[in-house]
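Read through the structure below, which is laid out as structure tokens, and then see the notes.
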Amino acid sequence: MDTGTLIDALRDADAVKFGEFELSHGGTSNYYVDKYVFETSPGCLALVAEAFGDLIADLDAEGTTLGGVALGAVPLVAATSVETGTPYVIVRKQQKEYGTGNRVEGDFEAGEEVVVIEDIATTGRSAIDAAEALREAGATVRRVFVVVDRQEGATANLAEHDLELRSLVTADELLADAPADVDVDVDDGK
């Protein structure tokens, strides 16, 4: 899929906002990519699933399972599963204290490769936590796919955990023609 098509869809859905925003890791930013806007837009969700499908096809890894980080990546992993016919699991942020008590919901075989799907990567912490939970459950995890890489250290942080980050869109690409007062100072860990 053409990156420009996805960027246009994110912008048309009003998923890219400008102002002063607090981010989940505690920092602030003058732009925000609203995952709930693009994840609840059928057109955007279909394009994301198609683009993730292209990345999965490039892996040529039969027997791969997808792992969606709850809550934000669940629509993404479900749509990508339907698009590609690839099974998926959901990784909770913490083990639930009722029912089965699982942190990973769904089935995969020990040693099976699981590709983590995430919405936005800033520091990569939630993807790292998900990968560690999957590894503890017996999966092999080497890759994390995200819709948007904010280029604020996730690539380097993931690499420290033997994880490769692949994004559909980077902050540089998404904000290439941002308003002049938007600071697109990215730190891609290089």
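The values are calculated or read from the model by the stated rules, or taken from the named source; none is laboratory data. If you're wondering where the values come from, they're calculated on a predicted model, not measured in any experiment. When we count neighbours, we look across all protein chains shown, and the Cβ atoms used for this are built from the backbone with ideal geometry, even at glycine.
Take region 111-149 and flag every residue that is basic (K, R) and assigned to a loop (DSSP other than H, G, I, E, B).
Result: R142, single match.
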Check your understanding: Does G111 satisfy the condition of being at pLDDT 95 or above, on the phi > 0 side of the Ramachandran plot and small (G, A, S)?
Key -> no
Check your understanding: Residues of region 81-102 being at pLDDT 85 or above and closer than 18 Å to S126 by Cβ, which ones?
Key -> Y88, V89, I90, V91, R92
**Study point:** Number of the condition not met by E50 [criteria: (1) closer than 15 Å to V115 by Cα; (2) at pLDDT 95 or above; (3) charged (D, E, K, R)]
**Key:** (1)
Review point. Taking interchain pairs and intrachain pairs at least six residues apart, which have beta carbon atoms under 9 angstrom, with the first residue in region 157-171 and in contact (Cβ under 8 Å) with a residue 24 or more places away in the chain and more than 21 Å from T5 (Cβ to Cβ) and the second in a strand (DSSP E or B) and of a type in the set (F, W, Y)?
Key: L165/F145
Study note, to complete from the structure: Cβ pairs under 8 Å, 6+ apart or interchain, first in region 2-13 and under 14 Å from Y32 (Cα atoms), second surrounded by fewer than 14 Cβ atoms within 10 Å (Cβ to Cβ), ordered by first then second residue, are A13/G43
Point to revise | Qualifying position, being out of contact with any helix residue (DSSP H, G or I) (no Cβ under 8 Å at 6 or more places or on another chain), without any contact (Cβ under 8 Å) to a residue 12 or more places away in the chain and either surrounded by 13 or more Cβ atoms within 10 Å (Cβ to Cβ) or more than 13 Å from L168 (Cβ to Cβ) (or both), among E62, E113 | key: E62
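Residues being within 16 Å of L59 (Cβ to Cβ), aliphatic (A, V, I, L, M) and without any contact (Cβ under 8 Å) to a residue 60 or more places away in the chain: count how many of those fall in region 132-148.
Selection size over region 132-148: 2.
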Revision key, fill the gap. Here the qualifying pairs (Cβ atoms under 6 Å; residues six or more apart or on different chains; first in region 75-90 and closer than 15 Å to D119 by Cα; second among the small types (G, A, S) and in a helix (DSSP H, G or I)) come out as A79/A49; T80/A49
Exercise for review: Return the residue satisfying two criteria in turn: it lies in region 150-175 and is in a loop (DSSP other than H, G, I, E, B) and in contact with an Asp or Glu (Cβ under 9 Å, 6 or more places away or on another chain), and of such residues it is surrounded by the most Cβ atoms within 10 Å (Cβ to Cβ).
Suggested key: Q151
